[in-house]
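Trainee: Here it is, the structure, as structure tokens.
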Amino acid sequence: MHIGILEDDPVQRELLETLVRQGQHTCRSFESAASFLEALKLESFDLTLIDWVLPDGNGGEVLRWIRKNIGWQLPSIVITARDEEPTVVAALEAGADDYIVKPAKPLELLARVSAASRRARPGSLPVIRAGDYEIDIERQRLSIGGKVIELTQKEFDLSVCLFQNLGKLLSRDYLLNKVWGISADVDVRTVDTHVSRVRRKLSIDGSRGWKLVPIYGFGYRFERVDLAEPT
């Protein structure tokens, strides 16, 4: 999983990063609510770890923003030194899936991360539709205008990841982790190679209303384009 960490204390932030990576996850950290919320508008995370007391707000405000703008599909865990009941209740009422008291115990943290992620999974695999595109995840089939497109397994997995994150900024490391797994013996050039193949096979060059845009030095953004404008 790719985990977003919001923690203003540098020592605690480094500890959380270490624990998350020991659990074979990737992460990106932020020290203020403002920077974290800006990142959430652009980048995709599979789970968030949120400190309750922040220099420019509190975890409750961040959680309410997440639930209002992203929804309940993003698991979020509050981590704080406060263990009094009113704070726990406030965090849960604001939208936290779980609550961990600092200092986080390594095995407990990873277990709670896994549990929150399992609870967030939908009960059935969805069908994704966007314009002429339809992706049936359960049947492992992608079609354009009713015509099935032949894809390798990794190309299909990459396509699903892109269509699940329309408009989001996706780093190469994120795509590598989601499609190949963090322990896979491949590098980011593999991502670029597969992206090139998927772009060609799916015609996501703007000609069908969707375009995969490279972001120099970072990754890609898959976005809607206006067919009335030149592409």
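Trainee: For a footprinting-style exposure proxy, rank PHE218, PHE30 by other Cβ within 10 Å, fewest first.
Mentor: Ranking PHE218, PHE30 by Cβ neighbours within 10 Å, fewest first, gives PHE218, PHE30.
Trainee: Does segment 8-115 come out rounded, prolate or oblate, given a ≥ b ≥ c as the square roots of the eigenvalues of its C-alpha gyration tensor, rounded meaning a/c under 1.5 and, failing that, prolate meaning a/b above b/c?
Mentor: In terms of gyration-tensor shape, rounded.
Trainee: Is it possible to state the helix-based mean residue ellipticity at 222 nm for the chain, with each DSSP H run of 4+ residues giving -39500 (n - 2.57), the sum divided by total residues, to the nearest 500 deg cm²/dmol? What is it?
Mentor: -12000 deg cm²/dmol
Trainee: Then there is this: Please arrange ASP56, ASP46 by counting, for each residue, the other beta carbons lying within 10 Å of its beta carbon, fewest first.
Mentor: Listing ASP56, ASP46 from fewest to most nearby Cβ atoms yields ASP56, ASP46.
Trainee: Okay, next question. Towards the positive end of the charge dipole of the chain, with charges on Cβ (+1 Lys, Arg; -1 Asp, Glu), say which of ILE215, PRO103, ILE50 has the farthest Cα.
Mentor: Going by the Cα projections, it comes out as ILE215.
Trainee: With just the Cα atoms defining each centre, how far is segment 1-78 from segment 130-186? Give it in Å.
Mentor: First find each Cα centre; the distance between them is then 25 Å.
Trainee: Same structure, new question: Going by C-beta contacts inside 10 Å, put VAL88, VAL53, VAL78, VAL62 in order with the fewest on the left.
Mentor: VAL53, VAL88, VAL62, VAL78
Trainee: Follow-up question, since we're still on this one. Cross-link candidates for LYS147: which lysines have Cα within less than 28 Å, leaving aside residues fewer than 8 places away along the same chain?
Mentor: LYS168, LYS178, LYS201, LYS211
Trainee: Next question, about the same structure. Run the numbers for SER114 and ALA34: contour at 0.36 nm per residue of separation, minus the present Cα-Cα distance, in nm.
Mentor: Gain in length upon complete extension: 26.1 nm.
Trainee: Take LYS68 and SER196, extend 7 Å from each Cα along the Cα→Cβ direction, and tell me the distance between the two endpoints in nm.
Mentor: 4.5 nm
Trainee: For the chain, what is the charge dipole size about the Cα centre, in debye to the nearest 20, if Lys and Arg each add +1 at the Cβ and Asp and Glu each add -1 at the Cβ?
Mentor: 1000 debye
Read-outs: derived from the displayed coordinates by stated rules, not from any lab. Here the structure is a predicted model, which is why all the values come from computation and not from measurement. Note that we place each Cβ from the backbone using ideal geometry, even for glycine, and neighbour counts take in every protein chain shown.
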